[in-house]
Amino acid sequence: MSTIGDVLARARARLHRLDPRDAAAAVDDGALLVDIRPGWQRLDEGTVPGALVIERNHLEWRLDPTSEARVAEATDHDRQWIVLCSEGYTSSLAAAALQDLGLHRATDVDGGFRAWAAAGLPTAPGSDERPTTPVTLARHPSKDDDPGP
């Protein structure tokens, strides 16, 4: 039987996790930062300008380039996705799940949003409004499609 600590350790063993400054540099070089925190957490903690906001429960469906519910940015399996959560735990599990889908360059930010902000990288106040980053689905799923858990 595994514990969540075991699962997290196995996920992180296959990731090349990025510290916040390296993540910001990767974004400057074309990687996409995806914020998976729920709305209440973004409201409470703040946001990262330019990050694509896809809450955790939709992540695989939106980033799998073979999914009919993918975002327009999910063009192929070679795109680099950098996952951001609050402290870098959930993002490690999410990045490993993306690797399971063949998104081999998926990783996460070590320390999450809190480490990003502590490093003095750009943040913005939290908001309960829709994200300003356009999220365009490649195809809008119908009510019969499985939107994910």
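According to the Cα-based calculation, Rg over Rh for the chain is 0.95, with Rh computed by the Kirkwood formula. Bridges between two residues of the chain, per DSSP, are antiparallel at a rate of about 20%. For the chain, the dipole from Cβ point charges (+1 on Lys and Arg, -1 on Asp and Glu) about the Cα centre works out to 140 debye, to the nearest 20. Short-range pairs are left out: with C-alpha atoms under 8 Å and at least six residues apart, the relative contact order of region 4-118 is 32 percent. Between Thr3 and Ser127, full extension at 0.36 nm per residue minus the direct alpha carbon distance yields a gain of 41.2 nm. Note that region 1-83 carries a Kirkwood radius of 14.3 Å, evaluated over its alpha carbons pair by pair. Loop-located GluC sites (Glu not before Pro) in region 11-96 (DSSP state not H, G, I, E or B) with no more than 16 neighbouring Cβ atoms inside 10 Å: Glu55, Glu68, Glu87.
No value in this document is a laboratory result; all are computed from the given coordinates. Being a predicted model, the structure only gives us computed values, none of them experimental. Here the Cβ is made from the backbone with ideal geometry for all residues, glycine too, and neighbour counts use every protein chain on show.
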